[in-house]
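A.B. asks: This is the structure I have questions about; it appears just below.
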Amino acid sequence: MIAQEKVVCVNIIADMEINYLGGKSFRLKNKNVTLLIDPSNGKEKADVVVYSDERSVKPAIVSVVRSEVFEVNSEGEYEIGGVGIIADKFGEHRVSYVFMDGVRVGHLLASNEKLSDKQVEKLNDCDVILVDATCSNEFIGSLEPYIFIPMGVKDEVERFLSENKFATVVRDLDKAKLDQDSLPDETQVWVLNA
């Protein structure tokens, strides 16, 4: 049976905001902290910058609130302004987990590596997974967040949607506003505009 896409309106008042900046870059923001994941240029301002790999271009980022930008560019656990960050090795990249305003967000790039049971368990603890649209169906099929937000060019995102047959796809969002109480009951895909 082929799943039908449902059109859903999302109008949530929440403190945490996720913006897709294109490529593999995202901005997560609440009242206290602005965090960038893999920024591609120095146009954005942030208090924390998280890099998924050593090869990431590291543009000069200006801090929003702090005296200087805090960079997460190696594995470990961090806490900045009440936001928890864990960076774990995964193949040639790092999986980043961000805990902000009661919402757990994972950032996952495609890899030739297979997810270990522990990694699947950790990712399944995430409410939202920012996922590379080139990840395989098998890879995606092992994960069960409330929300997938794909990253990639339009053709990659469309292929991701058609190959994975999600029941609910929310398209053309400029940003996602979330809190623990606003998460859907079943897995949805939210496609954010860059």
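FYI, it's all coordinate maths here, none of it is from the lab. From a predicted model like this one, the values you see are computed outputs, not experimental measurements. Every residue, glycine among them, receives a Cβ derived from its backbone with ideal geometry; neighbour counts consider all protein chains shown.
A.B. asks: Would you kindly derive the ³J(HN,Hα) couplings of the range 58-69 from the backbone phi angles with the Karplus curve 6.51 cos²θ - 1.76 cosθ + 1.60 (θ = phi - 60°), listing them in order in whole Hz, with x for Gly and Pro?
C.D. replies: So the Karplus estimates, Gly and Pro as x, are 10, x, 6, 10, 8, 6, 7, 10, 6, 5, 8, 6 Hz.
A.B. asks: First select every other residue whose beta carbon is under 11 angstrom from the beta carbon of Asp179; then total the charges, Lys and Arg +1, Asp and Glu -1. Present the calculation step by step, with values, prior to reporting the outcome.
C.D. replies: On the way: positive: Lys177; negative: Asp15, Glu17, Asp101, Asp127, Asp181.
My count for the surroundings of Asp179 gives -4.
A.B. asks: Let me ask something else. What FRET efficiency, computed as 1/(1 + (r/R0)^6) with R0 = 25 Å and r the Cβ-Cβ distance, is obtained for Ser40 and Asp185, rounded to the nearest 0.05? Please list the in-between numbers first.
C.D. replies: On the way: r = 35 Å, r/R0 = 1.38.
So, using R0 = 25 Å, E works out to roughly 0.10.
A.B. asks: Using r as the Cβ-Cβ distance of Ala194 and Lys118, and R0 as 22 Å, what FRET efficiency do you calculate, to the nearest 0.05?
C.D. replies: Numbers: r = 32 Å, r/R0 = 1.46.
That pair, Ala194 with Lys118, gives E of 0.10.
A.B. asks: Please return the longest range in the chain lying between exposed loop sites, taking GluC sites (Glu not before Pro), DSSP loop only, at most 13 other beta-carbon atoms within 10 Å, and leaving the sites out. Write out the running numbers ahead of the final one.
C.D. replies: Working: sites that count: Glu54, Glu68, Glu75, Glu92, Glu113, Glu186.
Here the longest run is 114-185.
A.B. asks: In percent, what relative contact order does the chain have, based on Cα pairs under 8 Å that are 6 or more apart in sequence?
C.D. replies: On the way: 436 pairs, mean separation 42.9, N = 194.
The value is 22 percent.
A.B. asks: Between Ser111 and Glu163, how high is the FRET efficiency from 1/(1 + (r/R0)^6) when r is the Cβ-Cβ distance and R₀ = 25 Å? Nearest 0.05.
C.D. replies: Values: r = 18 Å, r/R0 = 0.70.
It comes to 0.90.
A.B. asks: Just list whichever of Lys114/Lys175; Lys24/Lys89; Lys58/Lys175; Lys24/Lys118 have alpha carbons separated by over 19 Å in the model shown. Intermediate values should be presented prior to the final figure.
C.D. replies: Numbers: Lys114/Lys175 31 Å; Lys24/Lys89 17 Å; Lys58/Lys175 24 Å; Lys24/Lys118 24 Å.
Listed pairs above 19 Å: Lys114/Lys175; Lys58/Lys175; Lys24/Lys118.
A.B. asks: In addition: Loop-only trypsin sites (Lys or Arg not before Pro) in the range 20-74, please: DSSP not H, G, I, E or B, and at most 16 other Cβ atoms within 10 Å.
C.D. replies: Lys31, Lys43, Arg55, Arg66
A.B. asks: Can you tell me how much longer the chain between Leu173 and Arg66 gets when fully stretched, taken as 0.36 nm per residue apart minus their C-alpha distance, in nm with one decimal?
C.D. replies: Values: separation 107, 0.36 × 107 = 38.52 nm, distance 2.93 nm.
Here the segment from Leu173 to Arg66 would lengthen by 35.6 nm.
A.B. asks: Among (i) 15.7, 48; (ii) 15.8, 55; (iii) 16.9, 60, which one is Rg and Dmax of the Cα atoms in Å computed from these coordinates?
C.D. replies: (ii)
A.B. asks: Hey, could you pull the Cα Rg and Dmax for the range 104-154, both in Å?
C.D. replies: 10.1, 31
A.B. asks: For Val49, which sequence-distant residues (separation of 5 or more, or a different chain) have an amide H within less than 5 Å of its own amide H, given hydrogens modelled in the peptide plane?
C.D. replies: Residues meeting the criterion, in which the H sits 1.01 Å from N, are Leu36, Phe70, Glu71, Val72.
A.B. asks: Filter the trypsin sites (Lys or Arg not before Pro) in the range 79-184 down to the DSSP loop ones having no more than 12 other Cβ atoms within 10 Å, then list what survives.
C.D. replies: Details: sites: Lys89, Arg94, Arg104, Lys114, Lys118, Lys122, Lys154, Arg159, Lys165, Arg171, Lys175, Lys177; in loops: Lys114, Lys165, Lys175.
Those that pass, being in a loop and sparsely packed, are Lys114.
A.B. asks: Chymotrypsin sites (Phe, Trp or Tyr not before Pro) within the range 100-194: which are DSSP loop residues with at most 12 other Cβ atoms inside 10 Å? Please list the in-between numbers first.
C.D. replies: Working: sites: Phe139, Tyr146, Phe148, Phe160, Phe166, Trp190; in loops: Tyr146, Phe166.
Qualifying residues, ordered by number: none.
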